[in-house]
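Written out below as structure tokens is the structure these notes cover.
The values are calculated or read from the model by the stated rules, or taken from the named source; none is laboratory data. Everything numeric here is computed off the predicted structure, so don't read it as measured data. Methodologically, a virtual Cβ is constructed for each residue, glycine included, from the backbone with ideal geometry; neighbour enumeration extends over all protein chains shown.
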Amino acid sequence: MSDAVHDVLTAVLVLAGALMCFAAGVGLLRFPDVFSRIHASTKPQIFGLMAITTDVAVNNFNVGTVTLIVAIVLFQALTAPMAAHLVGRAAYGTEHLRPDLLIVDELAGRGAPGSPGAAFVRQPPPD
Amino acid sequence: MMQIVAIIAGLLFALGGLLAVYRIVRGPSVLDRVIASDVLVATVICALGAEMALNRHTDNLPVLLVLALFAVLGSLSVARFLPGRDST
């Protein structure tokens, strides 16, 4: 690969990752509730990491680097959605949400035992 | 050209990290703080990787692996053991 193409590829991927991180910061600042902030926060965790690690792999293309980068992306892709899902579930169960911003609430009627949303709601302790 | 790219990328990383810190400090609920700390960890991961890419070495890759593996534990434990209906 020629040197100019190499530099341009490096610059584009680094700037893509940096832009994702900045966009996540702006999203955290501007979005109104927990769910939309989760939406903003998962972008640099996967897409930014993939752009940056692809950049590292392009710059040092050998077996050890590529293997380690595949492991990094794999572990991040396993753990980041799990964390986001748990935070979202906790946000729904403890009512850290704004119901006026929801378009569809498939867990409505969640208080009733046996309803689909019953598992998501932490019941208040018996007095 | 690479120095200009490095400066722009550094500014974007710094701004993203600062906005995440602002949300950690202000954030109306504990879940907002957890999400913002996740964003802060992701920003640190991306900044370490960008430094590797711009300087053409691979010294930070084990750090990235450890962060990708263990950054989940904080938000996982807070989300799991969150007390119900706090207003803070």
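Could you check, for segment A:79-98, whether at least one of its residues is over 23 Å from residue B:30 (Cβ atoms), of a type in the set (A, V, I, L, M) and surrounded by fewer than 18 Cβ atoms within 10 Å (Cβ to Cβ)?
The answer is no, given that none of the residues of segment A:79-98 is over 23 Å from residue B:30 (Cβ atoms), of a type in the set (A, V, I, L, M) and surrounded by fewer than 18 Cβ atoms within 10 Å (Cβ to Cβ).
Per-residue answers, yes or no, for (1) surrounded by 15 or more Cβ atoms within 10 Å (Cβ to Cβ); (2) at pLDDT below 90:
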residue: B:24; (1), (2): yes, no
residue: B:50; (1), (2): yes, no
residue: B:72; (1), (2): yes, yes
residue: B:80; (1), (2): no, yes
Checklist entry - Among the residues of segment A:8-22, is there at least one that is facing chain B (nearest Cβ under 7 Å) and in contact with a Phe, Trp or Tyr (Cβ under 7 Å, 6 or more places away or on another chain)? => result yes
Next on the checklist: Restricting to segment B:43-75, count the residues that are assigned to a helix (DSSP H, G or I), free of Cβ contacts under 8 Å to residues at least 12 places away in the same chain and not β-branched (Val, Ile, Thr).
Outcome noted: 10
Checklist entry - Would it be correct to say that residue B:44 is of a type in the set (Val, Ile, Thr), under 24 Å from residue A:26 (Cα atoms) and within 7 Å of another protein chain (Cβ to nearest Cβ)? => result no
Checklist outcome for this item: In segment B:18-37, residues that are assigned to a helix (DSSP H, G or I) and in contact (Cβ under 8 Å) with a residue 24 or more places away in the chain total 5
Checklist entry - Out of B:63, B:25, B:34, which single residue is touching a Ser or Thr at 6+ places or on another chain (Cβ under 9 Å), of a type in the set (A, V, I, L, M, F, W, C) and either farther than 19 Å from residue A:81 by Cβ or within 7 Å of chain A (Cβ to nearest Cβ) (or both)? => result B:34
Checklist entry - Could you say which residue among B:53, B:14, B:9, B:79 is over 19 Å from residue A:7 (Cα atoms) and facing another protein chain (nearest Cβ under 7 Å)? => result B:79
Next on the checklist: Let me confirm something: among A:69, A:103, which residue is modelled with pLDDT of 70 or more and under 17 Å from residue B:68 (Cβ atoms)?
Outcome noted: A:69
Checklist entry - Just checking, which of A:53, A:67, A:42 is within 15 Å of the chain's Cα centre (by Cα) and either farther than 26 Å from residue B:2 by Cα or surrounded by 19 or more Cβ atoms within 10 Å (Cβ to Cβ) (or both)? => result A:42
